[in-house]
Amino acid sequence: MAELGSKGVTAGKIASNVQKKLTRAQEKVLQKLGKADETKDEQFEQCVQNFNKQLSEGTRLQKDLRTYLASVKAMHEASKKLTECLQEVYEADWPGRDDTNKIAENNDLLWTDFHQKLVDQALLTMDTYLGQFPDIKSRIAKRGRKLVDYDSARHHFEALQTAKKKDETKIAKAEEELVKAQKVFEEMNVDLQEELPSLWNSRVGFYVNTFQSIAGLEENFHKEMSKLNQNLHDVLLGLDKQYSANAFPIKAQPSDSTPAKANKSPSPPPDGSPITSPETKTVNHELEPSTLEAPGSSIPKSPSQSSLPAVVVETFPATVNGTVEGGASSERADMPPGFLFKVQAMHDYTATDSDELQLKAGDVVLVIPFENPEEQDEGWLMGVKESDWIQHKELDQCRGVFPENFTERVQ
């Protein structure tokens, strides 16, 4: 019998809850349709907005703090691997081996201590702070339901009072339900009206304490880490002094001045200062008496050293060998005055000034000397396209400067 009675109570409670949910749903529909007024409390609604904002900010801070701790742990592992590598390569007979081992040990302890203190003084405090929000959030939701119950009971009581046929028994029962609903709602409302503003104001002190703790821990950590790094620096400096005589020099990589810079646009000096070199001056001096070149010609001061030997090989025999001189003269009879050699464009080049040549890949250019060698900029040559020379035979109108590293020498 007791069991049957228990089941009856349970069933009655379930039915009561179902009826409450149905009544609330009907009340909300009527309120949305404007057929029933809704009790409003703007001050409380503002408190709820602040609560949701505070919860959102705290949740984000907790997430970012966990990410920060994960990064500290990852950095600890990376630092540990680095010091282990140093210990492995540090040979037994090198001075300071014991010191490096001690520094590595202290480094590991320092990282471990830093991570643990962050957990204790920041993360756990953060978890405690956020731990109060779920209960308050649940109570806010429950208050909302009780407010609907109160409005529903109020409307029901008002409807019975304004009915044409009044039933005093129903009115009395409705009034009793209204008083009960109002009491439950107001108890919850008063508590939350006190707690929510207090919780909202507590955020300032919490944020201050949290970030002060993190900043203080970081400051102490970096101070201690700085000392360890200075100790390691001193140990390695002692090793360097003892073995400096056996140091292996590190060779620099080739610079862009090598022939490999053919794909790069030249960068003439902004001040247009001429480029001179002892080698270039010597070659020009030796070639001045040569009868091979036309009068007044001279070798341009090319910045590429690899082109200088080629010029010497080509022109120097002409100064001592009459046969070669005659052959060169016959071959160059149809060339521009002072012709030096031919080059072929390997890449397109768009002229950016009136004194520059416009080149297409494959164009052949006849290189000639500058009228004033001092005007030649590093990386630039003077010439005339072979097609223009064959067609016009007019040097003044066809010649121009072009970047040497866009071309390749063919003769």
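Ignoring everything but the protein chains, give the 1.4 Å probe accessible area of W389 in square angstrom, nearest 10.
Here the accessible area works out near 20 Å².
How far is it, in nm, from the label point at K170 to the one at K117 when both lie 7 Å from their Cα along the line to the Cβ?
7.3 nm
Distances over 13 Å make up what percent of all Cα-Cα pairs in the stretch 143-195? Mind dumping the intermediate values first?
Values: 784 of 1378 pairs.
Cα-Cα pairs in the stretch 143-195 separated by more than 13 Å: 57 percent.
Choose one of V119, H156, A141: the residue whose Cα lies farthest towards the positive end of the charge dipole of the stretch 101-158 (beta-carbon charges +1 Lys, Arg; -1 Asp, Glu; about the Cα centre).
Positive-most Cα among the choices belongs to H156.
Under unit Cβ charges (Lys, Arg +1; Asp, Glu -1), what dipole magnitude, rounded to 20 debye, does the stretch 64-215 have relative to its Cα centre?
1300 debye
The values are calculated or read from the model by the stated rules, or taken from the named source; none is laboratory data. This structure is a prediction, so every number in the text was calculated from the model and none was measured. Using ideal geometry, Cβ is built from the backbone for each residue, glycine included, and neighbour counts are taken over all protein chains shown. Just the protein is used for accessible areas: all its heavy atoms, side chains included, with ligands, DNA and RNA removed. Shrake-Rupley method; radii C 1.70, N 1.55, O 1.52, S 1.80 Å.
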